[in-house]
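Just below is one structure, and these are the notes that go with it.
The values are calculated or read from the model by the stated rules, or taken from the named source; none is laboratory data. These figures come from a predicted structure and were not determined experimentally. Glycine gets a Cβ as well: all are built from the backbone with ideal geometry, and neighbour counts include every protein chain shown.
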Amino acid sequence: MSTDTHIEYYLGEAKDLPASYRQAAVDLVVDRYRDILRHPAFVSEHVGLPAGSAAHGREVARLERQWRDAVESHFLTNVLLSALFLHQAADKVPLAAAVIRICFGSGDLPLKTIGSADSRTVPTHQAFDGIRYLDGTDFRADGLTESNCFEGGRVAVIRPEYLHALDGPQAEMITNFVNLAGLDLVSGSGYRYGYKRRGIVVMAMSASPVHAWHFSHRESLDLRPLFLAGVAPSRELQNPIDPLHPVCHSFLTQLATHHPADLCDLGVRGTIRALATRKDHTLRKLRLWLPYFAPNSVHNRHVMEALVSRSIARASTLGLRINDMGDPNGVTADFEQFTRSSATDRQEPPLLMSPQVQR
């Protein structure tokens, strides 16, 4: 990439992004799952042909294309994206650096019965059977429905090795920003927007236990498990053509590999329930996703503001500008106001500008 590579931020409807940007976002999400798709256990189960043969290679490629088409269709249906792109002004192909998909629930399905209900509208709810929202001193699920919930999911961050292609005097600074603050920006701004929607009480998300621990302990997000009663991949995820089936396969493979006795004696949900009660942080050692939720509280909203503020500060320290691509929901103005006030305090020019991307 040439020296005029710049950073662009977008928060808005996926369908409103230029096609090349949507494609870049899908590329990043697909790349996130590619290791699972090519895992020998997954391939042997779904291909059933001798490894190394030409027929085997063609079938793996066919599965990847089929899965990619499903991801693209699933990824762009009635959703918002919070995304960071790297783009060269003269180049028509941007590179997505970090992406989070924002979905809002709908309907009157009670959260109290979500773990066994049909026709769930929030992706995390759709992915797991057995989810249970547990009441606490500051949270009660009574009277709440999926329309009170949003999800920030499909989190994907570019692999560090892909940033090695950057060149020019700002290459190292851009790489540092993406690696250290890219996720802060897209998650903080995206989740902040979700919390601002009228009627929203909770954010649901699927995350690996180690990433959930990171959010809870490093970022102080009040993130609570939805799996304490035991969960299992839903019937939808067990369908090989479902976009998230590779995640289901990885989930079951991890339990079968590391806890075969528990799985045999207790089943999937029983095993998760047992592991969740252990004091040795067993779940954190497994590479699987589990459901969580974060209440729409003053504390959690403050965490999101802090993530955005930290990412802006890091960009300023590195001398980088972030071009805000604009969105139809008023978030751009809020984002610019926040940035300009910060820049005024530092007696520096604003970091963010709002050029409208040509469609």
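If you go through segment 270-293, how many residues are assigned to a helix (DSSP H, G or I) and within 19 Å of His245 (Cβ to Cβ)?
Residues that pass the stated criteria total 1.
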- Please find, among Leu244, Leu237, Leu226, Leu266, the residue that is at pLDDT 90 or above and in contact with a helix residue (DSSP H, G or I) (Cβ under 7 Å, 6 or more places away or on another chain). Leu266
- Cβ-Cβ below 7 Å, separation at least six or inter-chain, first residue in segment 65-77 and over 12 Å from Asp31 (Cα atoms) and modelled with pLDDT under 75, second buried (at least 18 other Cβ atoms within 10 Å of the Cβ) and of a type in the set (Gly, Ala, Ser): which pairs? Leu76/Ala14
- Task: Can you tell me which residue within segment 82-132, out of those that are hydroxyl-bearing (Ser, Thr, Tyr) and buried (at least 23 other Cβ atoms within 10 Å of the Cβ), is farthest from Gln23 (Cα to Cα)?
- Result: Thr124
- Message: Please verify whether Leu275 is among the hydrophobic types (A, V, I, L, M, F, W, C), without any contact (Cβ under 8 Å) to a residue 60 or more places away in the chain and either in contact with a helix residue (DSSP H, G or I) (Cβ under 6 Å, 6 or more places away or on another chain) or farther than 20 Å from Glu219 by Cα (or both), treating the condition exactly as stated.
- Response: yes
